[in-house]
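In what follows, a structure is listed as structure tokens, so that the remarks can point back to it.
Values in this text are rule-based calculations from the coordinates and carry no lab data. This one's a predicted model, so the numbers in the text were calculated from it and none came from an experiment. Here the Cβ positions follow ideal geometry from the backbone for every residue, glycine too, while neighbour counts run over all protein chains shown.
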Amino acid sequence: PARYARMITRVRYTLFAVYQRVFSAIFIANFIALLVLLRNNTDTVKLDTLATCASSNLLASVLVRQDHFINLLFSIVWLVPWSVPVGIRRSLARVYTYGGLHTGTAVSGTMWWLVFTALLTLRHNEVDARDSLVLATTWAVLMLLALVCILALPAMRTRYHNTFELSHRLLGWTCVLLFWTQLLIITWNTSRTIGSSFSQLLIRQPSFWNLTLLTLLLTYPWLHLRKHTFHPELLSSHAVRLHLTHKVPRFSCLSISSSPLREWHPFATFPSTSPTHPNASLIISSAGDWTRNVIHTVGLSALTHSPPKSLTFYTKGHPHTHLLSLTPLFPRVLLVTTGSGIGPCLSSLLSQPRNQFMRLIWSTRSPEKTYGKEIVDLVRRLEPGAVILDTDVEGRGDLCGLAWRIYREVEAEAVFVLSNRRQTRTLVRGLGEKGVGVFAPVWDS
């Protein structure tokens, strides 16, 4: 029985994690709706209905990625008091898996568009379907949507991340442009056939309003594209701390870029405790070509300038909240992090609600050498009982076993994990199998 229980729990935290359940619920609901619509003769199905369902899902997929929408979701959850049963609070804390809404509606929208394309192609007796440009744009949208979905698969996204990010953006924009082209052509052909006003016919279509809102949502963040100055502080050859020159709310996740059309990199900020740099800061560690290049640039500048020269990066939209902003939901919390995950953890340590108890486990190589004495001293001052593991001296050890032991010792209600993909999944699975309320980033969102 114990063996089967472990297997069920393992499946729960992999194939049936909250993210996957949200995705599945949305897709199954759309699939059932499609079956109901097609249950009789497909000749009676209106193409406008299929197009509306497709555009509605795609609109929802873009909406749930908007900064203001994300902040609204988190703000609602923050209102929940500690007096609410811990099981309910743990369920509400899963709000950070909103990525399941994004992927579920995006795939569902592609499914509706697939059926729309098939029926449009088969109906040769309709004037619109005979228009070669309409068919061409419809099939082009379908191919692009399918390509976006394929490149967003976890394995593809991990292996070709830069390609995924670029294609997600540019192919998405192209799809919207082709959507508009197809809608306008069909509306024009229909208005000529029935002798109706083009504009009146256009504004009576739900897809027109869906596309209008979708276009506004895609455009809005770019209207807030800004170039900001950051004051770098070289912590080591592995990490850099960037001090912001503009204010951001607490628990903010800030995406920065050197090339806005190509790639964006999100980092959690934490409040400043220094009068020299009154605004928040963030930590960048060596985890890829872009981060290594930033660290290398600051390192070269530090050789000839003290402090190093300021850097400029683009920001877009508005800062949105991140996973650790949910720590105030629980009166007793355990934070488990590795490496530069200490940055987001500092945001929680510096913004603790009154009477909240927080214990930290930080595993990293040479803490002072890698992240500087100031960061380590700040951690020890904010959390005197913090367990700081120097992996260069003590090795990696059994982090899951240590977290389980401390979790029981401090009687925590929740464990928040910030680490690399492999370590995160090990901790989530290991602690989850023991019935711990564990919260960690969703890598495939």
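List of remarks:
- Pairs of Cα atoms nearer than 8 Å and 6+ residues apart set the relative contact order; for the stretch 138-280 it is 16 percent.
- The stretch 217-239 versus the stretch 30-85: alpha-carbon centroid distance in Å: 31
- The stretch 323-439: relative contact order as a whole-number percent, Cα under 8 Å and 6+ apart: 31
- Cα gyration tensor of the stretch 226-320 - equivalent ellipsoid semi-axes, whole Å, descending: 19, 17, 12
- Helical runs (DSSP H, four residues minimum) scored at -39500 (n - 2.57) apiece and divided by the length of the chain put the mean residue ellipticity at 222 nm at -17500 deg cm²/dmol.
- Ellipsoid equivalent to the stretch 105-175 - semi-axes via the Cα gyration tensor, in Å: 28, 12, 8
- Sites matching trypsin sites (Lys or Arg not before Pro) across the stretch 405-445 that sit in DSSP coil, with at most 16 neighbouring C-beta atoms within 10 Å: K434
- Hull volume in cubic angstrom per residue (convex hull over the Cα atoms of the stretch 323-439): 94
- The average projected area of the chain, computed from the convex hull of its Cα atoms over all directions, is 25.4 nm².
- Amide H contacts for I388 (H built 1.01 Å from N in the peptide plane; partners 5 or more residues away or on another chain; cut-off under 5 Å): W362.
- Working note: Karplus 6.51/-1.76/1.60 with θ = phi - 60° gives the stretch 143-159 the couplings 5, 5, 4, 5, 5, 4, 5, 5, 5, 8, 4, x, 5, 5, 5, 5, 6 Hz, where Gly and Pro are set to x.
- Listed pairs K247/K373; K309/K373; K247/K369; K46/K316; K247/K309 exceeding 31 Å between Cα atoms: K46/K316
- The stretch 226-320, dipole about Cα centre (Lys/Arg Cβ +1, Asp/Glu Cβ -1), debye to the nearest 20: 260
- In the stretch 2-220, a dipole from Cβ-located charges (positive for Lys and Arg, negative for Asp and Glu) runs towards its positive end, and of T121, N40, F27 it is F27 whose Cα lies farthest in that direction.
- Cα-based Rg and Dmax for the stretch 174-235, where Dmax is the largest Cα-Cα distance (Å): 19.7, 71
- Volume of the Cα convex hull of the stretch 2-220, divided per residue and given in Å³: 168
- Local electrostatic count at V77 - Lys and Arg +1, Asp and Glu -1, tallied over other residues with Cβ under 12 Å: +3
- For Y220, neighbours were defined as the other residues whose beta-carbon sits under 11 Å from its Cβ, and their charges (Lys and Arg +1, Asp and Glu -1) total 0.
- Which of G437, S351, V148, positive extreme of dipole for the chain (C-beta unit charges): G437
- Across the stretch 226-320, the mean sequence separation of Cα contacts (distance under 8 Å, 6 or more residues apart), normalised by length, yields a relative contact order of 41 percent.
- Charge context of A280, other residues only, Cβ under 10 angstrom, K/R +1, D/E -1: +2
- Amide hydrogen proximity for F439: with H placed 1.01 Å from N in the peptide plane, the residues at 5 or more positions away or on another chain lying under 5 Å are V415, F416, V417.
- Size of charge dipole - the stretch 323-439 - debye, nearest 20, with Cβ of Lys, Arg +1 and Asp, Glu -1, no other charges: 260
- For the chain, the Cβ-based charge dipole about the Cα centre amounts to some 600 debye (Lys, Arg positive; Asp, Glu negative; other atoms uncharged).
- Pairwise FRET efficiency - N279 versus D392, Cβ, R0 = 30 Å, nearest 0.05: 0.40
- Placing a label point 7 Å from the Cα of N293 along the Cα-to-Cβ direction, the residues of the stretch 254-273 with a backbone N closer than 13 Å are 257-265.
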